[in-house]
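Asker: Before I ask anything, let me first share the structure, which is written out below as structure tokens.
Readers should treat all values here as calculations from the given coordinates under stated rules, not as data from a laboratory. Only a predicted model underlies this, so the values are computations on that prediction, with no experimental measurement involved. Quick reminder, even Gly has a Cβ in these numbers, built from the backbone with ideal geometry, and neighbours come from all protein chains shown.
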Amino acid sequence: MSPFPRLSAIALSVSIALVSPALAQDRAQSLADIRQELSMLYVEVQKLKTELSTTGAGSIATGSGSLTERVATIESELSRLTGQTEQLQFRIDSIVKDGTNRIGDLEFRLVELEGGDVSKLGETSTLGGGEVPAAPATAPAPAQPLTTEMAVGEKQDFEAAGAALEAGDFDQAAALYETFIETYPGGPLTAEAHFQRGEALTGKGDIKSAARSYLNAFSGAPNSDRAPDALFRLGNALGALGQTSEACATLAEVGKRFPGTPAVEDAAAARASLGCQ
């Protein structure tokens, strides 16, 4: 089950009011990006279907030796095929979970861009049907870990914005983070930049824009270490904007999605101050 439709009835439903005029201007481009992402998901599904289709060339040679040798050969082949099956199942489960989450996010973004009512979004259908697979106890290690290199000057620009924030120059910090996000979209520090921009905007009293930044931080990296704080800050900002019911529901999600994190206690305290039921 995707986390995004569940949030659409609460925090995400208020994001329409947080959309800036610039979003409307970039609507055509954003829709094109979303359609491209959907096409990529479709290609992944087709690749899986191709892998699951038999070529008709499969055969197992059991040999012509003794019964013991032939049994050993069969056992060895069975072990090999079992390993391949487990690896393929892991890949399928990973694509189903990731694809379901991404489609849920895309559904919200499409409805938002079209000016529809996101509160009427239901639960996203699992990619391929059935239930979202549970995470395996142990996952096969990837052949080669992926690394993301930062562009030249990216770290320096991020640190410059951070220095302005630490100095209490919220206007400058917000501007620098905004420039950073526009300069390095999709980079390893982009989600964190959205979060820190939310902090700067909160410092200068622009709670509405801060809520949008926290939402972007959470949506951009919903499983990161920063995600619990981003979701808590979003709920807190909604409360400050007078959207109490959405704030209470959003803050409740912190404990459901990130049990055991420090943000859970902060969210509980915020719910108490808002009088949430």
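Asker: Could you order the peptides 221-227, 189-195 from most to least packed, using the average number of other C-beta atoms within 10 Å per residue?
Answerer: 189-195, 221-227
Asker: So what's the net charge close to E192: Lys and Arg +1, Asp and Glu -1, counting the other residues with Cβ under 11 Å from its Cβ?
Answerer: Charge balance in the 11 Å sphere: -1.
Asker: Distance from the Cα centre of segment 206-277 to that of segment 171-186, in angstrom?
Answerer: 23
Asker: To continue, here is another question. Please list the equivalent ellipsoid semi-axes of segment 208-269, computed as the square roots of five times the alpha-carbon gyration tensor eigenvalues, in descending order and whole angstrom.
Answerer: That gives 17, 14, 8 Å for the three semi-axes.
Asker: Give me the net charge of D206's neighbourhood, meaning all other residues with Cβ under 11 Å from the Cβ of D206; Lys, Arg count +1, Asp, Glu -1.
Answerer: +3
Asker: Take segment 154-274, compute every pairwise Cα distance, and split them into 5 Å bins from 0; I just need the percent in each bin.
Answerer: Each 5 Å bin holds this share of Cα pairs: 2, 14, 22, 22, 20, 12, 8, 1, 0.
Asker: Now, a different point. Of G220, G168, S245, which is farthest towards the positive pole of segment 154-274's charge dipole, taken about the Cα centre with +1 and -1 on the beta-carbons of Lys, Arg and Asp, Glu respectively?
Answerer: It is S245.
Asker: Now a separate question. Using Cα pairs closer than 8 Å and at least 6 residues apart in sequence, work out the relative contact order for segment 161-277, in percent.
Answerer: About 17 percent, as a whole number.
Asker: Ranked from highest to lowest mean number of other Cβ atoms within 10 Å per residue, what is the order of the peptides 158-165, 255-262?
Answerer: Highest mean packing first, the order is 158-165, 255-262.
Asker: Local charge sum around P262 (other residues, Cβ-Cβ under 15 Å, Lys/Arg +1, Asp/Glu -1)?
Answerer: My count for the surroundings of P262 gives -1.
Asker: Using a 10 Å cut-off on Cβ atoms, rank the peptides 169-176, 208-215 from the highest mean neighbour count down.
Answerer: Answer by packing, highest mean first, reads 208-215, 169-176.
Asker: Only Lys, Arg, Asp and Glu count, each charged at its Cβ (+1, +1, -1, -1), so figure out the dipole size of segment 154-274 about its Cα centre, rounded to 20 debye.
Answerer: The calculation lands at about 500 debye.
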